[in-house]
Amino acid sequence: MSLTYAVVRCHGLIQHLLRKEQYLSIVYDKLSLGDIKEYSEYKDEYSLDRKLEIITRRFVERIIFLSKIVEDEIRDFLMAFLDYLELENLKVKLRTLYGKEESAIYYPYSHFIDVNELKEARTDHAFLKLLRREPYRMRMDIMRRILRRGDIALGEAYLDACYYDYVKRVIRENERTLKVLIKFLNYEILRKLAYWLLVLGEEKVYEPITREMLQGLMPYNEEGRHIGLERAIRRLGIDVEEAMKYIETGRITDLMHLMRERELRILQRGARRRSLSLVFIYYYIQLCREEMYNLYRIFIGKENNLQKEVIIGTLITLL
Amino acid sequence: MRLRQQLNLVVRGKEILEMRREQLIKELFEIMDKLKERDSIEHEYLRALEEVCRLRALRGEYEYRSITSLIEPPKAEVLLISIQGVTVPQVRITRDPDLSKIKDPEYRRSFEMLWKVLKKLFELANLEVAVEKLSKQLNYINRIVNSLEKNVIPNLKEAIRYVEEKVDEEMLEEFVRLREIAKEV
């Protein structure tokens, strides 16, 4: 089907996404998520795990539905976007190989690696066997070295890099159609890069060996460049002094939250300007993802008796 | 004579118990002083917990649970120690949680902060148990002192008085009898 048709559908579908007032009503218990048609399966008495599963499934269904009405090259990109959940599952597995399996939960999503197979993989060997699968193209020698050292953080960074390599590959293969998204995808990659620069340190990220491993964490077509933390922050239009305050007080999550919000605002402006292009579809799928995260924040916050004001402070609302 | 010895022993015992009671009260007051920090420690604990919960909400349950699975849990044991001769169970932490596998500085900072406060809470719990045990002992001593003061000592005194009266009466009777015999002779 044509791109225009898909974009017009997205203009309609966006009306089904939750608005700020609805989030507030859920936080203040004036509205149950189950009262919203999109989440009719939800019940307040369900456990947190079940609630999160319903929310995630809804997100996955939305993207899969959209992938069925777009052209092949856009479909590949949408699926690559969704495969982020699979990558997160790989990270969970990596951590549990060095921790405890019983406390872990996995996103209810599989594309190339079956989530049940992943859960069953109890050894490094079984895990590596799963990583061999396309399209992540992970280098076994690198992953084996990481597992041998037990360097979980570097392992996670490598998984992120492989994922973005895969997304960039999908764009490269269909550059004519997808090039409009490069700018926006780069903001997301920059946020990830900033996170790893903070966790691993700039020196480690740009060590010759690690640099080669983490190429995927560099923005599209900027793979050879050296992008420092300040530069990554500045490119998202965030005041470096403000960011430094977060870093000095160890509030990395708040900084990432701010970067994510900025990234979405830039995308929102882009989608308004090019409301009949692929950018609008990208904007819609990003909003779907943010709705999932917002609902996570609300229900995790409620489960842990966080003050309502604190929960509201964690939400990113654009609608 | 035996009753007098018994009374002396009981009075001395009562004095010793009173001294012990004073020592226990002094110890209790010292512990209670330390317990005054409870409010600020609880406040600190709630703040640390809120920080962790906020992090949990922002990072998501999937990440949070697998990250926490990397923590090697702390180890603690319960020891019986003696405070002023009273046996008190106390929790001793033998190993702090191992957070070395967590590289994310914010997770580490939040968990370290929470553990620091939790350790203070353990200390507080130890003090509270000590207060409870010492109070029980104090109560027991009070009951014994009261019973000695209100019951045993007056009873002994009464018994001594009775015996003394009896002895006096017998002596008087003997004296009268002797005088009568003397008159007749």
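For the stretch B:1-50, enumerate the residues that are aliphatic (A, V, I, L, M), farther than 30 Å from B:Ile153 by Cα and in contact (Cβ under 8 Å) with a residue 12 or more places away in the chain.
B:Ile31, B:Met32, B:Leu35, B:Ile41, B:Ala48, B:Leu49 - these are the residues of the stretch B:1-50 that are aliphatic (A, V, I, L, M), farther than 30 Å from B:Ile153 by Cα and in contact (Cβ under 8 Å) with a residue 12 or more places away in the chain.
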> Being more than 14 Å from chain B (Cβ to nearest Cβ), in contact with a helix residue (DSSP H, G or I) (Cβ under 6 Å, 6 or more places away or on another chain), surrounded by 20 or more Cβ atoms within 10 Å (Cβ to Cβ) and touching a residue at least 24 places away in the same chain (Cβ under 8 Å), is that true of even one residue in the stretch A:142-161?
Replying inline: yes
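In this structure, is B:Asn126 surrounded by 12 or more Cβ atoms within 10 Å (Cβ to Cβ), assigned to a helix (DSSP H, G or I), in contact (Cβ under 8 Å) with a residue 12 or more places away in the chain and of a type outside the set (A, V, I, L, M)?
In short, yes.
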> Within the stretch A:251-276, restricting attention to residues that are surrounded by 17 or more Cβ atoms within 10 Å (Cβ to Cβ) and over 17 Å from the mean Cα position of the chain (by Cα), which residue is nearest to the other protein chains (Cβ to nearest Cβ)?
Replying inline: A:Arg251
>> Among the residues of the stretch A:203-234, what is the count of those that are of a type in the set (D, E, K, R) and either more than 30 Å from A:Arg269 (Cβ to Cβ) or buried (at least 18 other Cβ atoms within 10 Å of the Cβ) (or both)?
In response: 5
> Scanning for something farther than 21 Å from A:Asp165 by Cα, within 14 Å of chain B (Cβ to nearest Cβ) and not small (Gly, Ala, Ser), does the stretch A:225-244 turn up at least one residue?
Replying inline: no
> Can we say B:Val10 is more than 14 Å from chain A (Cβ to nearest Cβ) and in contact with a Leu (Cβ under 8 Å, 6 or more places away or on another chain)?
Replying inline: yes
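Every residue in the stretch B:90-123 that is within 14 Å of another protein chain (Cβ to nearest Cβ) and part of a helix (DSSP H, G or I), please.
The answer is B:Pro105, B:Glu106, B:Tyr107, B:Arg108, B:Arg109, B:Ser110, B:Phe111, B:Glu112, B:Met113, B:Leu114.
Condition check ((1) surrounded by 15 or more Cβ atoms within 10 Å (Cβ to Cβ); (2) facing chain A (nearest Cβ under 8 Å); (3) at pLDDT 95 or above) across all residues:
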{"site": "B:Arg38", "(1), (2), (3)": "no, no, no"}
{"site": "B:Ala57", "(1), (2), (3)": "yes, yes, yes"}
{"site": "B:Ser69", "(1), (2), (3)": "yes, yes, no"}
{"site": "B:Val88", "(1), (2), (3)": "yes, no, no"}
>> Go through (1) outside the structural domain of A:Ile300 (by TED's automatic domain parsing); (2) at pLDDT below 95 for A:Asp44 and report which single condition fails.
In response: (1)
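Is it the case, given these coordinates, that A:Leu131 is in the same structural domain as A:Leu214 (by TED's automatic domain parsing), at pLDDT 90 or above and surrounded by 17 or more Cβ atoms within 10 Å (Cβ to Cβ)?
Working: in the same structural domain as A:Leu214 (by TED's automatic domain parsing): yes; at pLDDT 90 or above: no; surrounded by 17 or more Cβ atoms within 10 Å (Cβ to Cβ): yes.
So A:Leu131 does not fit the description; no.
The values are calculated or read from the model by the stated rules, or taken from the named source; none is laboratory data. Note that this is a predicted model, so its numbers are computed, not measured. Every residue, glycine as well, gets a Cβ built from its backbone with ideal geometry; the counts of neighbours run over all protein chains shown.
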